[in-house]
Structures are given as C-alpha cells and as structure tokens.
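Q: Next up is a structure, given as structure tokens.
The values are calculated or read from the model by the stated rules, or taken from the named source; none is laboratory data. Quick caveat, the model's predicted, so the values are computed rather than measured. Neighbour counts run over all protein chains shown; Cβ positions are idealised from the backbone, glycine included. Just the protein is used for accessible areas: all its heavy atoms, side chains included, with ligands, DNA and RNA removed. Shrake-Rupley method; radii C 1.70, N 1.55, O 1.52, S 1.80 Å.
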Amino acid sequence: MGLEESLAEFLEDGDDWERKKTSVDGVFILKLPEYKGNPPRLAIELNPTDSRGNPTKKRGLMMFNAGELEKFREMINEEGLDGVMETIMEVNPEKGKKKRPEEEEEDVIEI
C-alpha cells in the first residue's frame, strides 16, 4: 500500500487524536477530529522518542501544511537559538529544586 492510500485509510478509519508512528523516528501522523465545521484531518507531529520509539511529550510540534513546515524549519535554523538554549540550560534550576519567581521587566526576550 502506498503512502497516499495509507494516509487516506488512516483519515477514514483512525480514531480521533490517534497517533501513528512512521518509518522516521520522532515523526508521527496525528488524526484530528472534526472541529468548528472543519472535517477531520491529518497533521504531522514531531515528538522526541524514547528508546522504544514512543513519544516523550504529550503533544509535539504539529504542522498542517507546507507553509507551516517551512516556517518551523526557518525558526529552528535561527542562528541565535543555540545560544539561547545553552543559556536557558545554565539558568534553569536542576530538576527537583525550586527557584523563587522573579519579576519580568519586558514581555519580549531579545535574542
């Protein structure tokens, strides 16, 4: 069965919010239910996996069209993202340790 047939069958017969693994680790197909007059549809979900190939997050990054995919690619490739992630990892407390809340001066973090 080809990709188009497999996806069409999943769209027709899959349960609402059902997640199907693909041959690419961390890439899933998610069936979304009918919503506000839109018919049921499929989305790509990117979600890191554990050693058995199961998703590690309740919901991953969902994309519905090629435009969204391209925008996410651009954002992920943003030069400053690596530096921000390294700094976040430095300032975040270790798991299990509480950190007192601090007031934020601005609504936007400049990268």
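Q: Let me confirm something: among 45, 34, which residue is at pLDDT 95 or above and among the acidic types (Asp, Glu)?
A: Numbers: 34 fails: at pLDDT 95 or above.
After applying the criteria, what remains is 45.
Q: Related question: Please find, among 46, 42, the residue that is open to solvent by less than 90 Å² (accessible area, probe 1.4 Å), under 26 Å from residue 76 (Cα atoms) and either among the small types (Gly, Ala, Ser) or in contact with a helix residue (DSSP H, G or I) (Cβ under 6 Å, 6 or more places away or on another chain) (or both).
A: 42 is the lone residue from the list that is open to solvent by less than 90 Å² (accessible area, probe 1.4 Å), under 26 Å from residue 76 (Cα atoms) and either among the small types (Gly, Ala, Ser) or in contact with a helix residue (DSSP H, G or I) (Cβ under 6 Å, 6 or more places away or on another chain) (or both).
Q: Then there is this: Hey, can you tell me all the residues within the stretch 13-59 that are of a type in the set (D, E, K, R) and closer than 21 Å to residue 3 by Cα? Step through it out loud before you land on a result.
A: As a first pass, look at the stretch 13-59 and keep what is of a type in the set (D, E, K, R): 13, 15-16, 18-21, 25, 31, 34, 36, 41, 45, 50, 52, 57-59.
If the condition is that a residue be of a type in the set (D, E, K, R) and closer than 21 Å to residue 3 by Cα, then 13, 15, 16, 18, 19, 20, 21, 25, 31, 41, 45 are the ones that fit.
Q: In the stretch 54-64, what residues are out of contact with any helix residue (DSSP H, G or I) (no Cβ under 6 Å at 6 or more places or on another chain), surrounded by 10 or more Cβ atoms within 10 Å (Cβ to Cβ) and of a type outside the set (Ser, Thr, Tyr)?
A: 54, 55, 57, 59, 60, 61, 62, 64
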